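Participant: This is the structure I want to talk about, given as structure tokens.
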Number of protein chains: 2
Amino acid sequence: MSAPTAIAPSTGLSALLDDVRAEAPGIEVRPPSAETTAFAYDAATAPRHGAAGLDGPAVAFPASAEQVQQLVRLAARHGVSVVPRGAGTGLSGGASAHADQLVITTERLNRIVEVSPADEVAVVEPGVLNAALNDHLAPLGLFYAPDPASWRISTIGGNIATNAGGLRCAKYGVTRESVLALDVVLADGSLVSIGHRSIKGVTGLDLVSLFVGSEGVLGIVVRATVRIRPLPVARRTVTAFFDSTAAGAAGIGAITASRVRPSVIEFLDEPTLDAIDAANASGLRARGASLLLIELDGFGIDEQTAELTIALEAAGARVETEGDADAQLLWELRRAGRRLGEGSWFVAGDIAVPKSRIAEVFAGFPEIEARYGVAVSAVSHAGDGNLHPVITLPIPAGADPSAVPRVLHDAADDLVRAALAVGGTVSGEHGIGTVKRELAAEELAERVRVAQLAIKNALDPAGLFNPGKAL
Amino acid sequence: MSAPTAIAPSTGLSALLDDVRAEAPGIEVRPPSAETTAFAYDAATAPRHGAAGLDGPAVAFPASAEQVQQLVRLAARHGVSVVPRGAGTGLSGGASAHADQLVITTERLNRIVEVSPADEVAVVEPGVLNAALNDHLAPLGLFYAPDPASWRISTIGGNIATNAGGLRCAKYGVTRESVLALDVVLADGSLVSIGHRSIKGVTGLDLVSLFVGSEGVLGIVVRATVRIRPLPVARRTVTAFFDSTAAGAAGIGAITASRVRPSVIEFLDEPTLDAIDAANASGLRARGASLLLIELDGFGIDEQTAELTIALEAAGARVETEGDADAQLLWELRRAGRRLGEGSWFVAGDIAVPKSRIAEVFAGFPEIEARYGVAVSAVSHAGDGNLHPVITLPIPAGADPSAVPRVLHDAADDLVRAALAVGGTVSGEHGIGTVKRELAAEELAERVRVAQLAIKNALDPAGLFNPGKAL
């Protein structure tokens, strides 16, 4: 343990909770308890079999921006650090919290404030689920483009905190490209509006882009103005099966060399197809050893399909347009078909590389498998060079399913270094959180880290927000 | 005896130039002189009839990133502030410089380092002209999307410094959306790489977006990795003429309500058409009183045209598809047809508003005309709510053409306030520079300005870079 600090955390937290009850009685707060351990973890850090016996953090449930301001001011007064939390679906530990911290959850900041088709914007509170916004927009013929795999259960606020990507972002951009303006509570409790409801605007430094992806270390988003778009006039699912993983990875380049820009390009390698078939009897491997699962959208869908087909067939693919039912099944298999964790330990990754290097990353899997005695496979958001590798090892009879062996993490770290070696990045879309801080230090030069910390300190000099994350 | 200041500027500059010659003799530097006044202004601040008798700033012509580092370190040593400069086409005074400053021009940092169709990126030095990059890319079937009106004469580095917009950005985004990575020289002379060659990446704070649009106050970009795209399979120019300015402004909403997203939507009001016709005998007013000049691109160009035509005809437009020669002429008239400045004083503006409010801004022109006795017209990048108003007043016989009366500026300021009143911004794409600092203060809350200055100070504590600009 480190030396005692100037602030005695538990005393501070208890005094903070007393002050909240006295000065802001309208805000529900829960003290640290076994019950609040649900707020101690995100999807990356949650123990697989619970965390009995430990206390979670204190948790506050503000229902307005003003209540967030009150909480931040009181937390600052007592030197209690604050962990902003959306739905806790993050995959890098960004929302993890200790028993001496105050979690501010956005779950009651969940109003869709406004939808303006004429301005092509929606104004939402951060706790709105990504899916809830899209359910609201669909009858209006509109959609919000960023679609992280967690879209059904993750919040817009969490998506903003992590600059969430997803499947469609090669065509429509990541979350940053869809956020026009934010209301943010800063470390001194002030509420500021940054950005513009207009599509364009260049007044001063781009604070909105700085906050997007900042993993809660700069402030708490309490309202967001996001860009919405008309639903495309048509969508079509196309499959391209190849005779090997290598051939399929090379096929990605054939799409890039064409003039077609699909809305989604998912690449599934041979072990991934095997795993999906094993869990679903889906028969994909009978059609090929790797798969590019593609969604086209927009005008000229037949022209797009024709040009895409020519490009992929020239690369050795068997190309088919899928009917609606088959398409729906294929996307479901892509999302949930692998059934990770049944009988195997696994570690999942999130790297991104320049598009031309995707094939090299896949080609390097056998070497890592041999080095660590594990199995490595991946799916890739191939349109933007983002890969989600999965490292697995069968759990021997009698072994503890929660005791993931070190070799899996070592293999995952090697994959990250392989991405860095070809000009890639340690996190494509999940963020740094607590899980990837050491790896981030391998990517970023010391001078860049110093610059990032200087900006953090400029906006949050006391280190109130989400200490130990992201930077 | 007056109080001595810490730094005697002219002494500091002269000592700096001595040190450059002694320690970095490979860098060409020019001391302040009448000849360097060409480097004292940008397109917004240049006197219309020269600035005889005044000395310009010192100017350095580095040809490598290392030379930029040397210059920044020496400038810091002597307390001489640095003004980064691209082509000087800016419209907000961002590159203006005094005789006690060192201008670092990027004109010899003009190499296209790499084009990678497979990664969809180009790597360029900042002094590369926007047009030069596109000339280089076109034979490869590729293009760089941001297209400020100055694209033939402005640099990629200048475009990055101002987060330049242009005509196509409603569909393809502004400069920020096309910049993936930067090499930047910071205020301590260190050279850092920020961002990713991969399309995605979320490692730490998004410093790239922070630098884009920062108008040279945070550092000097010495290399940029930008996103490039395949040229669209088709482009088509469509005109929609309306019976009044108001009808045309309302027609913008008809496009928004459709599912077509043109690559360019330019709106020209009645006085603009009159001015173009007067200068070019172009006969546009015979076709209508306002014009939506539209470019469609991509697949399904006939489908797009059909849906767009239905939407615009329902809004009262006369819609025509233009042949290649007519289309080229129309775009040329849009760009240069108004012949501003011939016989009239003028002040040009740059505001942006939520798309649904564009019509209100045009509807407010007569009131401003009446208040100030001037003429007001505008063209608008209607796809993203950006307007470029022009306020004019005939120059009476014998009056000084360079003595623009105050009423024109007052009217321009009123237009900015009208934009703010409907949720818009003081600068859509030209930036703040020196010209709009006071107006920016009307848009941004004091707490936001404090936050912006804190970030500036965190990265440039001595205020070396471009003092007095943007913030």
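Participant: More than 16 angstrom separation, counting every C-alpha pair in the range A:58-161; what % is that?
Facilitator: Percent of Cα pairs beyond 16 Å in the range A:58-161: 59.
Participant: Put the label 7 Å from Cα along Cα→Cβ for B:Ala38; what are its distances to the other copies, in nanometres, shortest first?
Facilitator: Distances to the matching label points in the other copies: 7.1 nm.
Participant: Looking only at other chains, what is the average number of their beta-carbon atoms within 10 angstrom of each beta-carbon in B:209-216?
Facilitator: Across the residues of B:209-216, the mean count of other-chain Cβ atoms within 10 Å is 5.
Participant: Would you mind calculating the relative contact order of the range A:235-421 from Cα pairs under 8 angstrom and at least 6 residues apart, reporting the percent as a whole number?
Facilitator: The value is 27 percent.
Participant: Using the structure shown, list the pairs from A:Lys436/A:Lys456; A:Lys171/B:Lys436; A:Lys355/B:Lys355; A:Lys171/B:Lys355 with a Cα-Cα distance above 27 Å, or answer none. List each step's numbers first, then the result.
Facilitator: Values: A:Lys436/A:Lys456 18 Å; A:Lys171/B:Lys436 35 Å; A:Lys355/B:Lys355 35 Å; A:Lys171/B:Lys355 23 Å.
Pairs exceeding 27 Å: A:Lys171/B:Lys436; A:Lys355/B:Lys355.
Participant: Before anything else, pin down the relative contact order of chain B: Cα pairs under 8 Å, at least 6 apart, normalised by residue count, whole percent. Write down the numbers at each step before the final one.
Facilitator: On the way: 1008 pairs, mean separation 68.3, N = 471.
Value for chain B: 14 percent.
Participant: May I ask for the percentage of alpha-carbon pairs in the range B:225-345 that lie more than 22 Å from each other?
Facilitator: More than 22 Å apart: 36 percent of the Cα pairs in the range B:225-345.
Participant: Kindly work out what percent of the DSSP beta bridges joining two residues of the protein assembly as shown are antiparallel, to the nearest 5. Please report the intermediate quantities before stating the final value.
Facilitator: On the way: 120 of 136 bridges.
Taking every DSSP beta bridge with both residues in the protein assembly as shown, the antiparallel ones total about 90 percent.
Participant: Amide H to amide H, which residues 5 or more places from A:Ala234 or on other chains are under 5 Å from it, using H placed in the peptide plane?
Facilitator: A:Gly298
Participant: In whole Å, largest first, what are the principal axis extents of the Cα atoms in the range A:228-296?
Facilitator: Each principal axis gives a Cα extent; for the range A:228-296 these are 39, 27, 17 Å.
Participant: Do any GluC sites (Glu not before Pro) in the range A:321-426 lie in a loop, going by DSSP, with at most 12 other beta-carbon atoms within 10 Å of their beta carbon, and if so which?
Facilitator: Of the GluC sites (Glu not before Pro), the ones in loops of the range A:321-426 whose Cβ has at most 12 other Cβ atoms within 10 Å are A:Glu342.
Participant: Taking K and R as +1 and D and E as -1, what net charge do the other residues with C-beta under 13 Å from the C-beta of B:Val407 add up to?
Facilitator: -2
Participant: Starting at 0 and stepping by 5 Å, how many percent of the alpha carbon pairs of the range B:235-421 end up in each bin?
Facilitator: Per 5 Å bin, starting at 0, the Cα pair percentages come out as 1, 8, 17, 20, 19, 15, 10, 5, 3, 1, 0, 0.
Participant: Quick one: net charge around B:Thr106, please, counting Lys, Arg +1 and Asp, Glu -1 for every other residue with C-beta under 15 Å from its C-beta.
Facilitator: Computed value for this residue: -3.
Participant: Find which of A:Leu142, A:Leu129, A:Ser92 sits farthest along the positive direction of the dipole of the range A:72-157, computed with +1 on the beta-carbon of Lys and Arg, -1 on that of Asp and Glu, about the Cα centre.
Facilitator: A:Ser92
Participant: So what's the convex hull volume per residue for the Cα atoms of the range B:116-168, in Å³?
Facilitator: It is 78 Å³ per residue.
Participant: Something else now. Local charge sum around B:Gly213 (other residues, Cβ-Cβ under 14 Å, Lys/Arg +1, Asp/Glu -1)?
Facilitator: Counting the neighbours of B:Gly213, the net charge comes to 0.
Participant: Contour minus end-to-end for A:Ala46 and A:Ala281, with contour as 0.36 nm per residue of separation and end-to-end as the Cα-Cα distance?
Facilitator: In short, 81.6 nm is gained.
Participant: Inter-copy label distances at A:Ser244, 7 Å along the Cα→beta-carbon direction, one decimal in nm, shortest first?
Facilitator: Once sorted, the set of distances for A:Ser244 reads 7.0 nm.
Participant: So what is the relative contact order for the range A:9-108, in percent, with contacts set as C-alpha pairs under 8 Å and at least six apart?
Facilitator: 37 percent
Participant: Can you give the % of DSSP beta bridges in chain A that are antiparallel, to the nearest 5?
Facilitator: 90 percent
Participant: Ok, one more. Whole-Hz ³J(HN,Hα) for each residue in the range A:206-219, computed from phi via Karplus 6.51 cos²θ - 1.76 cosθ + 1.60 with θ = phi - 60°, x for glycine and proline: what do you get?
Facilitator: 7, 5, 4, 4, 5, 6, 5, x, 8, 6, x, 8, 10, x
Participant: With charges only on Cβ, +1 for K and R and -1 for D and E, what is the dipole size of the protein assembly as shown about its Cα centre, in debye, rounded to 20?
Facilitator: 780 debye
Participant: Something else about it: Over the residues of the protein assembly as shown, compute the C-alpha Rg and express it relative to 2.2 N^0.38 Å.
Facilitator: Working it through for the protein assembly as shown, the quotient is 0.96.
Participant: How far is B:Pro139 from the same spot in each other copy, in nm, shortest first, if each label point sits 7 Å from Cα toward Cβ?
Facilitator: When each copy's label point is compared with this one, the spacings are 5.7 nm.
Participant: When Cβ neighbours within 10 Å are restricted to other protein chains, what is their mean count per residue of peptide B:114-120?
Facilitator: Mean partner shielding for this stretch: 5.
Participant: Hey, what number do you get for the protein assembly as shown at 222 nm if only DSSP H runs of n ≥ 4 count, each worth -39500 (n - 2.57), divided across all residues, to the nearest 500?
Facilitator: -10000 deg cm²/dmol
A short reminder: the numbers here are calculations on the coordinates, not readings from a lab. These numbers come from a predicted model, not from an experiment. Cβ sites come from the backbone with ideal geometry, for glycine too, and all protein chains shown count toward neighbours.
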